[in-house]
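Here the structure comes first, spelled out in structure tokens, and everything after it is commentary.
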């Protein structure tokens, strides 16, 4: 991914300032983090690392890039700056990060980027772009998975509602990481190896109005024995049986819908799943489906199921399951009891939770708009802040305490109790030793005006790993497949206590700093306040 100009103009004006003042090669470190978990939840699923590393690997400026920059930057910018940009790459950049798919929490550095000041400054906007949405949609998907539980299958189907093709691809990829089972997005399936799924739309059903429109009305039995069977006639015969079972007038269903179902079954006898609410669900769609599915069964095939896209999804699923069970018993087809019932219809996290609280017989849920557009919160709000220059800590102070940064190069450890449950995440300065197992550690919770506390970890896990150095990804930390990233996300969520992964009013997971880091933070704050007071005094005189 070669996107050196996918950034904000002020990155180049700052870069020129560094270059002009001779500071462009000073060693610097930035941290990428967020201040609040999205969706008023308690966690975030960290994603976007692989794409960030691919971006870094190809980071360089072409002659056409610098020609364009000449045209938009002030004429006072010296020519030597543009020549210097043409030599810039990520060869001296080191990236340390949480593994992709990790569950992470506010204020802890998800990614640390070290290198020459000018270079690591130029990386800011692109890295934020690559991490923000990826992590947001993965977290949103994880919340949908938590809302529905582990048993039902979740289908991502939001491409047509996504913010452009790139947004659609990212949504499919990171929804899968967050816990969805498959996508309707064919390109995402090809590019990322995600399982794809799809059936028919209402347009396919309404395109038929007569049985005469079914071309090629025969079907070979599944075992390949015997000749072609008149599948249209067989379906009509089964429709009479189904109507009799359901006490419906014979052939009272919509004939165009029946024709569509027969046509689709002939085309896809091994994967027959159709939408049944184009007309009347109970008086047409379900009887027509049952007739065609029974005809398939007689020829040795197994239908997959039905999809609902409107109405009371829970109630209709229960009624449909009853009909399936009646058919299974009456016609001695046990597999009919377990036919799949899929639903869609602008499903949100809220409606999904309500759906799962009701009696239902739903097996598959398709989610689009509210998943890929992250309706409840459109942005994660990651930031990229300078924490160290020439091994000297840097800190942003603000009247808004939430915007005050934590200075210095840091490591992050997850501390566990005797039951191997996470206690908290602890930030230490980079030169501090790891927390000692079985010994009390003094901590200060981030964002809380609480005096020192103590914890006694029985296990400490270093969460950061070095992924990129000398312009290359490291062989010692090979990037996992998307399936492995997905598994990591699910394990990380499972390891969280239920109170931390609640979708509403979760108990905040604790993130803390060591006593040494807390002292540094306090000292820099006091020093800054003293300088401000001195300047105010001098101005007053």
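The values are calculated or read from the model by the stated rules, or taken from the named source; none is laboratory data. All figures in this text were calculated on a predicted structure; none of them were measured in a lab. All Cβ positions, even for glycine, are placed from backbone atoms using ideal geometry, and neighbour counts span all protein chains on display.
Search segment 270-288 for residues being in a loop (DSSP other than H, G, I, E, B) and in contact with a strand residue (DSSP E or B) (Cβ under 6 Å, 6 or more places away or on another chain), and hand back the single one that is surrounded by the fewest Cβ atoms within 10 Å (Cβ to Cβ). Reasoning before the result, please.
First, the residues of segment 270-288 that are in a loop (DSSP other than H, G, I, E, B): 270-272, 276-280.
Now restrict to residues that are in contact with a strand residue (DSSP E or B) (Cβ under 6 Å, 6 or more places away or on another chain): 276-277.
Numbers: 276: 27, 277: 22.
Looking at residues that are in a loop (DSSP other than H, G, I, E, B) and in contact with a strand residue (DSSP E or B) (Cβ under 6 Å, 6 or more places away or on another chain), I get 277.
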Matching residues in segment 86-97 - criterion: being touching a helix residue (DSSP H, G or I) at 6+ places or on another chain (Cβ under 9 Å) and buried (at least 22 other Cβ atoms within 10 Å of the Cβ): 90, 95, 97
Condition test on residue 470, is it assigned by TED's automatic domain parsing to the domain that holds residue 111 and either surrounded by 15 or more Cβ atoms within 10 Å (Cβ to Cβ) or modelled with pLDDT under 95 (or both)? yes
Find the residue count for segment 335-369, including only residues that are in contact with a helix residue (DSSP H, G or I) (Cβ under 7 Å, 6 or more places away or on another chain) and either in a strand (DSSP E or B) or touching a residue at least 40 places away in the same chain (Cβ under 8 Å) (or both). 18
Does segment 289-302 contain at least one residue that is without any contact (Cβ under 8 Å) to a residue 24 or more places away in the chain, in a helix (DSSP H, G or I) and in the same structural domain as residue 241 (by TED's automatic domain parsing)? no
Among (1) within 13 Å of the chain's Cα centre (by Cα); (2) exposed (fewer than 15 other Cβ atoms within 10 Å of the Cβ), which single condition is residue 172 missing? (2)
Checking the condition surrounded by fewer than 19 Cβ atoms within 10 Å (Cβ to Cβ) and in a helix (DSSP H, G or I), which residue from 227, 216, 198, 167 passes? 167
Are any residues in segment 18-40 touching a helix residue (DSSP H, G or I) at 6+ places or on another chain (Cβ under 6 Å), under 23 Å from residue 500 (Cα atoms) and in a loop (DSSP other than H, G, I, E, B), and if so, which ones? 35
Residue count for segment 453-473, restricted to those that are more than 30 Å from residue 400 (Cβ to Cβ), out of contact with any helix residue (DSSP H, G or I) (no Cβ under 9 Å at 6 or more places or on another chain) and assigned to a strand (DSSP E or B): 7
